Amino acid sequence: QVQLVESGGGLVQAGGSLRLSCAASGFTFSSYAMGWLRQAPGKEREFVAAIMNTGTLKYYTNSVKGRFTISRDNAKNMMYLQMNSLKPDDTAVYYCAKSRSVPPMRAGDYDYWGQGTQVTVSS
């Protein structure tokens, strides 16, 4: 069965950095676009970044462009999100997700999700 396991979240001060990782199993990872989405308390889950199956095309929501970088290693079935210059508004639970349609830029474009990892940015 499909499994997605996130790691790397934590508490960081504004301006700091974190690197999230997603370990995927149970499907042919290299065949699917993948993404990161996040959900803050009281808000809907929102798209953050996506990467196509070969890693050549990447998409970002405007608020993270220039600060976040999505990447993947198909040989290891891993996906990453490097987050720099973090802001308090980035505080949320971050989810790794497998796409079912492309380009996967909405929550509805994903069919499997990890359990999430908490990112908290203090001011």
* Asked: What number of residues within the stretch 1-31 satisfy the criterion of being crowded, with 20+ Cβ neighbours inside 10 Å and either part of a loop (DSSP other than H, G, I, E, B) or small (Gly, Ala, Ser) (or both)?
  -> 1
* To do: Could you tell me which residue of the stretch 88-114 is nearest to the chain's Cα centre (by Cα), considering only residues that are surrounded by 14 or more Cβ atoms within 10 Å (Cβ to Cβ) and closer than 22 Å to residue 14 by Cβ?
  => 94
* **Residue ID - farthest from residue 100 (Cα to Cα), chosen from residues in the stretch 32-60 that are β-branched (Val, Ile, Thr) and open to solvent by less than 70 Å² (accessible area, probe 1.4 Å)** => 48
* Asked: Are there any pairs, at least 6 apart or on different chains, whose C-beta atoms fall under 7 Å, with the first in the stretch 12-33 and at pLDDT 95 or above and the second open to solvent by 50 Å² or more (accessible area, probe 1.4 Å) and among the small types (Gly, Ala, Ser), and if so, which?
  -> 14/123; 15/85; 21/7
* Asked: Given the conditions (1) of a type outside the set (Gly, Ala, Ser); (2) touching a helix residue (DSSP H, G or I) at 6+ places or on another chain (Cβ under 6 Å); (3) more than 13 Å from residue 107 (Cα to Cα), and given that residue 13 satisfies all but one, which numbered condition is not satisfied?
  -> (2)
* To do: Identify, from the list 56, 69, the residue that is in a loop (DSSP other than H, G, I, E, B) and among the polar types (S, T, N, Q).
  => 56
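The values are calculated or read from the model by the stated rules, or taken from the named source; none is laboratory data. Source: prediction; values computed, not measured. Positions of Cβ are backbone-derived with ideal geometry, glycine not excepted, and every protein chain shown enters the neighbour counts. Areas reflect the complete protein model, heavy atoms only, side chains present, ligands, DNA and RNA absent. Shrake-Rupley method; radii C 1.70, N 1.55, O 1.52, S 1.80 Å.
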